[in-house]
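Peer 1: Input: one structure, supplied below.
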Amino acid sequence: MTTPRLAPWLAQNPRASRALEFGREQQFVINPNGIPELCEDLRACPVHKPTPLYELPALAARLGVGEIRVKDESQRFGFGAFKALGGVIAVANVLSSAVGEAYRSTPSFESVMKGEHREITGRFVFTAASSGNHGRSVAAGAKLFGNRCVIFLPKFTSAEKEAAIRARGAEVIRVDGDYDTAVAECRRQAEARDWTIISDTSWEGYESVPRSVMRGYCVLVHEAAVQQWGQAPTHVFVQAGVGGLAAAVIGYLWAVCEKRPVSIVVEPESADCWFQSNLAGKPTLASGDADTVMGGLACREISPVTWPIIGAAADWFMTIREEEVLPARRLYASPLGHDPAIISGPSGCAGLAGLMRVCTDAEAFKAVGLGPTSRVLLINSEGNLGEPLP
């Protein structure tokens, strides 16, 4: 009997044994302790509320699975994307740590937000490189706490996203290059000017802030876990850029679920750094130039700090084509039957595009273990953000 040949866009992770334990190396990246308390702290923010978890029974029936639920981050903070959580929490952690170091007493989120320690926090200037959403998040965090913010944008970032960043009080510097070029320029200027970088990707010697960013993302996973799921998901399709969201989703579910869900990491063909890293067995570059309509996923390199989670426990890696994005966005916006309508951007619908690609390939559907009893979790990671459906 011959083993079915899988499509070239789907690859299994040979390291992801189901017997793997969530150990110290994983806890260093994603620590589930204190996440419920962090959710309580966020209640002090006037624009915060949990985002909805929608059920799509008609789509589930069409695709041949038991349940599909979508965590809709298009409604996060009135901001329109999950990244709002990362930037705000990371800025708060930097400021509270500085106050704690000065006074040997850790302040509350609310007290820092109210400016009770400006003699310490006021000196910070925050900066980040971003394709749009993360920059808006850092800008929002800096504005919430009353700090100056400078955001570096690659050339492909839309004018609408730049305007949204400026609207949150940040200064913007355009870089004549891609996302990785913007990261390099951000690092150079931050070092020269003593600015504090809030990055969602890590490098040697810089891991604490990206971990804080991912801790913010764990909030959305915790919310999903308590929003009347009933039973935990059996499968999760999660999109990946550098890996922050995927690490938070996979890591938190791994830590809190009795049985770790089967996870499928979804990327654009041209920005397949995780797909290629899985094949190489170590962090490596994407095979393409990261030129994709999915701007939030347009990354050529993974965040190394996330490797102990994604590299160890993501079960499958897959890519999607550019032409598969628009149908997924339209299916969210104009759903089947009585399913709720969901407003999604090109990156936001990538998980759904991945699910649809797998469900239309019989061998792939079987390989990842989907079937009529499967419970699938998707993350709509962004709304249309100035990129309305054509």
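Peer 1: Among the residues in the range 365-377, are any buried (at least 20 other Cβ atoms within 10 Å of the Cβ) and more than 15 Å from residue 64 (Cβ to Cβ)?
Peer 2: yes
Peer 1: Spot the failing condition for residue 51; the list is (1) out of contact with any strand residue (DSSP E or B) (no Cβ under 8 Å at 6 or more places or on another chain); (2) not in a helix (DSSP H, G or I), and only one is missed.
Peer 2: Checking residue 51 against (1) out of contact with any strand residue (DSSP E or B) (no Cβ under 8 Å at 6 or more places or on another chain); (2) not in a helix (DSSP H, G or I), the one that fails is (1).
Peer 1: Could you please give the count of residues in the range 293-323 that are crowded, with 24+ Cβ neighbours inside 10 Å and assigned to a loop (DSSP other than H, G, I, E, B)?
Peer 2: Going through the range 293-323 one residue at a time, the tally reaches 6.
Peer 1: Out of the range 331-365, which residues are within 20 Å of residue 382 (Cβ to Cβ) and either among the hydroxyl-bearing types (Ser, Thr, Tyr) or not assigned by TED's automatic domain parsing to the domain that holds residue 70 (or both)? Please lay out each step first, then the result.
Peer 2: Quick first cut of the range 331-365, residues within 20 Å of residue 382 (Cβ to Cβ) only: 331-335, 339-357.
If the condition is that a residue be within 20 Å of residue 382 (Cβ to Cβ) and either among the hydroxyl-bearing types (Ser, Thr, Tyr) or not assigned by TED's automatic domain parsing to the domain that holds residue 70 (or both), then 332, 334, 344, 347 are the ones that fit.
Peer 1: May I pose another question? Residues in the range 225-256 that are in a helix (DSSP H, G or I), touching a strand residue (DSSP E or B) at 6+ places or on another chain (Cβ under 9 Å) and surrounded by fewer than 24 Cβ atoms within 10 Å (Cβ to Cβ): how many?
Peer 2: Qualifying residue count for the region: 1.
Peer 1: Out of 108, 131, which single residue is in contact (Cβ under 8 Å) with a residue 40 or more places away in the chain, crowded, with 24+ Cβ neighbours inside 10 Å and of a type in the set (S, T, N, Q)?
Peer 2: So the residue among 108, 131 that is in contact (Cβ under 8 Å) with a residue 40 or more places away in the chain, crowded, with 24+ Cβ neighbours inside 10 Å and of a type in the set (S, T, N, Q) is 131.
Peer 1: Could you grab me the full set of residues in the range 126-146 that are closer than 14 Å to residue 93 by Cα and either not assigned by TED's automatic domain parsing to the domain that holds residue 87 or not in a helix (DSSP H, G or I) (or both)?
Peer 2: If the condition is that a residue be closer than 14 Å to residue 93 by Cα and either not assigned by TED's automatic domain parsing to the domain that holds residue 87 or not in a helix (DSSP H, G or I) (or both), then 126 is the only one that fits.
Peer 1: For the condition out of contact with any Cys (no Cβ under 9 Å at 6 or more places or on another chain) and surrounded by fewer than 19 Cβ atoms within 10 Å (Cβ to Cβ), what is the one hit in 215, 193? It would help to see each step written out before you state the result.
Peer 2: Values: 215 fails: surrounded by fewer than 19 Cβ atoms within 10 Å (Cβ to Cβ).
After applying the criteria, what remains is 193.
Peer 1: Further question: For the range 26-39, give me the residue count where each residue is within 20 Å of the chain's Cα centre (by Cα) and either under 10 Å from residue 312 (Cα atoms) or part of a helix (DSSP H, G or I) (or both).
Peer 2: Our first condition is that a residue be within 20 Å of the chain's Cα centre (by Cα); within the range 26-39, this holds for 26-36, 38-39.
Right, trim to either under 10 Å from residue 312 (Cα atoms) or part of a helix (DSSP H, G or I) (or both) and you get 26-29, 35-36, 38-39.
Residues that pass the stated criteria total 8.
Peer 1: From 286, 341, 333, grab the single residue that is within 30 Å of residue 31 (Cβ to Cβ) and among the hydrophobic types (A, V, I, L, M, F, W, C).
Peer 2: Answer to the check: 286.
Peer 1: If you take the residues in the range 19-76 that are among the basic types (Lys, Arg) and in contact with a helix residue (DSSP H, G or I) (Cβ under 6 Å, 6 or more places away or on another chain), which one is modelled with the lowest pLDDT?
Peer 2: Only one residue fits best here, namely 76.
Peer 1: With of a type in the set (A, V, I, L, M) and more than 22 Å from residue 74 (Cα to Cα) as the only criterion, which of 163, 184, 167, 142 stands out?
Peer 2: Details: 163 fails: more than 22 Å from residue 74 (Cα to Cα); 167 fails: more than 22 Å from residue 74 (Cα to Cα); 142 fails: more than 22 Å from residue 74 (Cα to Cα).
Criteria check complete, one pass: 184.
Peer 1: Quick check on this structure: which one of 352, 331, 326 is on the phi < 0 side of the Ramachandran plot, surrounded by 23 or more Cβ atoms within 10 Å (Cβ to Cβ) and in a helix (DSSP H, G or I)? Before the answer, list the steps.
Peer 2: Details: 331 fails: surrounded by 23 or more Cβ atoms within 10 Å (Cβ to Cβ); 326 fails: surrounded by 23 or more Cβ atoms within 10 Å (Cβ to Cβ).
The unique qualifying residue is 352.
Peer 1: Any idea which of 186, 149 is in a helix (DSSP H, G or I), touching a residue at least 24 places away in the same chain (Cβ under 8 Å) and more than 20 Å from the chain's Cα centre (by Cα)?
Peer 2: Numbers: 149 fails: in a helix (DSSP H, G or I).
None of the others qualify; the one that does is 186.
Peer 1: Go through the residues of the range 95-106 one by one and say whether even a single one is touching a helix residue (DSSP H, G or I) at 6+ places or on another chain (Cβ under 6 Å) and among the charged types (D, E, K, R).
Peer 2: At the first step, the residues of the range 95-106 found to be touching a helix residue (DSSP H, G or I) at 6+ places or on another chain (Cβ under 6 Å) are 95-96, 98-99, 102, 106.
When the remaining residues are screened for being among the charged types (D, E, K, R), the result is none.
No, every residue in the range 95-106 fails to be touching a helix residue (DSSP H, G or I) at 6+ places or on another chain (Cβ under 6 Å) and among the charged types (D, E, K, R).
The values are calculated or read from the model by the stated rules, or taken from the named source; none is laboratory data. Being a predicted model, the structure only gives us computed values, none of them experimental. Methodologically, a virtual Cβ is constructed for each residue, glycine included, from the backbone with ideal geometry; neighbour enumeration extends over all protein chains shown.
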